[in-house]
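Step one of this worksheet: look at the structure below.
The values are calculated or read from the model by the stated rules, or taken from the named source; none is laboratory data. Worth saying up front: this structure is predicted, and the values here are computed from it rather than measured. Because the Cβ atoms are built from the backbone with ideal geometry, glycine has one as well, and the counts that use them run over all protein chains shown.
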Amino acid sequence: MNIPEKLLYTSEHEWISIEGEKGRVGISDYAQHHLGDIVYVELPETGDSVAQAEALAVIESVKAVATLFSPAGGTVLEVNEELEEAPELLNEDCYANWIAVIELADRSDLEKLMDAKAYTAFCATLE
Amino acid sequence: MSLKQTPLYQMHLKYNGKIIDFGGWELPVQYEGMGVIKEHNMVREQAGLFDVSHMGEVFISGEKAEEYVQNLVCNNIKTMQDLQVLYALMCYPGGGVVDDLLVYRYHRQKYLLVINAANVEKDFAWMQENLMDGMTAENVSAEYAQLALQGPKAQEILQKISDTDLNSIKFFWFNPAVKIAGVECIVSRTGYTGEDGFEIYVKPADAAYIWEEILSAGGDLVSPVGLGARDSLRFESKLPLYGQEIDQDITPLEGGLGFFVKLDNDDFIGRDALLKQKEAGLKRKQVEFSMLGKGIARSHYDVCKDGVCIGHVTTGLHAPTFKKPIGLALIDIEHSAPGTEIDIMIRDKAVKAVVGQGIFYKKKTKAK
């Protein structure tokens, strides 16, 4: 399983990449693998505000509906509209294909997240 | 309750199936390296092999077998010939459905009924409750494994290892003694995918051997297919699933299966209620729909019109063949005309959809 070093992860298998005051959010390899063929992504709208661990997007595979919980609180600055036409990009590369960028409201949210090492250990407990 | 495994469980592990709990059975939803969409397309384009051993089998025998089975189901079994198969529904006196099933006629005194896995106990109890003198109903579910080989290449593959000319088995007919790779099997040209193909009943001890022989005969033309694609294939072909399109509270007429209800038959359980429903006119019916707005309608989502709930989605999926979401819904008949706009309630939001007709997959099964 691919777990890039520089990202932070949640126990719900989302990742966040910190870029100054912004965080780029997506789903992990574990998530895309377990969901299977992703056929629909319901994106938030720019300007939406979201709390940490609150629903940010909905990801649907052929069989399942999964909620993406925001790794951190903030305001949605950008959404990856490409996913509306090509949700399968999340299966192809779930790290290059992010879901949304949020302006972080409170950096202390990040303290609750796992680094790559901790997340790798966490995933190992699930198998 | 511990989960049950089919005789092919080791094969699912060998081929890296992702195992889930399916109504108490440990079965693969998909296989590693394939996935629902690839498996689905494989069956539409080449062939797929399914483990459907969880299905139930009941032998009915006795002098009055024909009369007994006729009383049990609302299709006309009296027109069946030996070695023919018929799709049928068992109803309660109120017209709701006990189960849908396949009826295999050996001869007038012996039938094999193939029923849904989740309903085996309920169905068998129902059959016994309605048993006539001198009849026996024998639940042999544990004595048979069932494999389904489906897709345009199914015959070519199975023929390589069969002693029987498969052209001799027409659509919805069977042969109770086909040797596949030397093992005697019951083979019918039936299925649940909308493609040509076969269902193969074999003793549990031989199931893994037959599975491997079929995969090896098929080579690149076949792959194992899990329950995920089984559902998307049957759904695209508008084949009903018990618990969704039909159940104890949905009659076959409401579920769009009126073709399989022969009300001019002799008496059968549920006939009076169904006749009455037909004469009074249906209040709700099954419709096809496609989405106008964004989102995927899924089973049990509410369907509304002008803010009022008019029914629910029975099955909705992203259809892999059409690469878009479509659905079936059971709604009030006044809104069922093709072209009617309806709202599907997706996560508390009303998303526009339109009632359609003929938008589902045109089945590629052979003529009977």
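Condition check: over 24 Å from residue B:86 (Cβ atoms) and either more than 14 Å from chain A (Cβ to nearest Cβ) or not β-branched (Val, Ile, Thr) (or both). Does residue B:288 satisfy that?
Numbers: over 24 Å from residue B:86 (Cβ atoms): yes; either more than 14 Å from chain A (Cβ to nearest Cβ) or not β-branched (Val, Ile, Thr) (or both): yes.
Taking the combined requirement at face value, the residue satisfies it.
Can you name the residue in region B:302-343 that is closer than 30 Å to residue B:36 by Cα and basic (Lys, Arg) and is also surrounded by the most Cβ atoms within 10 Å (Cβ to Cβ) among such residues?
B:324
Would you call residue B:209 farther than 30 Å from residue B:331 by Cα, part of a helix (DSSP H, G or I) and of a type in the set (Phe, Trp, Tyr)?
On the way: farther than 30 Å from residue B:331 by Cα: yes; part of a helix (DSSP H, G or I): yes; of a type in the set (Phe, Trp, Tyr): yes.
It is true that residue B:209 is farther than 30 Å from residue B:331 by Cα, part of a helix (DSSP H, G or I) and of a type in the set (Phe, Trp, Tyr).
So, of the residues in region A:43-81 that are closer than 16 Å to residue A:109 by Cβ and in a loop (DSSP other than H, G, I, E, B), which turns out to be nearest to the other protein chains (Cβ to nearest Cβ)?
A:54
Do any residues in region A:13-32 that are touching a residue at least 12 places away in the same chain (Cβ under 8 Å) have Cβ atoms under 7 Å from those of residues that are among the polar types (S, T, N, Q) and part of a strand (DSSP E or B), where the two are at least six apart or on different chains, and which pairs are they?
A:23/A:17; A:24/A:17
If you check B:243, B:311, which single one turns out to be away from chain A (no Cβ under 13 Å) and in contact with a Leu (Cβ under 9 Å, 6 or more places away or on another chain)?
Values: B:243 fails: in contact with a Leu (Cβ under 9 Å, 6 or more places away or on another chain).
That would be B:311, the only listed residue that is away from chain A (no Cβ under 13 Å) and in contact with a Leu (Cβ under 9 Å, 6 or more places away or on another chain).
How many residues are within 14 Å of another protein chain (Cβ to nearest Cβ), more than 17 Å from the chain's Cα centre (by Cα) and either among the basic types (Lys, Arg) or surrounded by fewer than 23 Cβ atoms within 10 Å (Cβ to Cβ) (or both) when one looks only at region B:1-33?
Qualifying residue count for the region: 8.
Condition first: crowded, with 19+ Cβ neighbours inside 10 Å, more than 21 Å from residue A:114 (Cα to Cα), free of Cβ contacts under 8 Å to residues at least 24 places away in the same chain and in contact with an Asp or Glu (Cβ under 9 Å, 6 or more places away or on another chain). Can you find one or more residues in region A:73-86 that meet it?
no
Please enumerate the residues belonging to region B:239-252 that are more than 16 Å from the chain's Cα centre (by Cα), surrounded by 20 or more Cβ atoms within 10 Å (Cβ to Cβ) and part of a loop (DSSP other than H, G, I, E, B).
B:251
Looking only at region A:82-127, how many residues end up being more than 14 Å from residue A:56 (Cβ to Cβ), among the charged types (D, E, K, R) and outside any loop (DSSP other than H, G, I, E, B)?
Final tally of qualifying residues: 8.
Working only within region B:140-197, note down all residues that are without any contact (Cβ under 8 Å) to a residue 40 or more places away in the chain and either buried (at least 16 other Cβ atoms within 10 Å of the Cβ) or of a type in the set (Ser, Thr, Tyr) (or both).
B:162, B:164, B:166, B:168, B:169, B:178, B:180, B:181, B:183, B:185, B:187
In region A:33-42, which residues are touching a residue at least 24 places away in the same chain (Cβ under 8 Å), under 16 Å from residue A:84 (Cβ atoms) and facing chain B (nearest Cβ under 9 Å)?
So the first thing to find is which residues in region A:33-42 are touching a residue at least 24 places away in the same chain (Cβ under 8 Å), and the list is A:33, A:35-41.
Adding the requirement that they be under 16 Å from residue A:84 (Cβ atoms) leaves A:38-41.
Scanning region A:33-42 gives A:39, A:40.
Evaluate region B:159-169: report whether one residue or more is assigned to a loop (DSSP other than H, G, I, E, B), over 26 Å from residue B:9 (Cα atoms), out of contact with any strand residue (DSSP E or B) (no Cβ under 6 Å at 6 or more places or on another chain) and at pLDDT 95 or above.
yes
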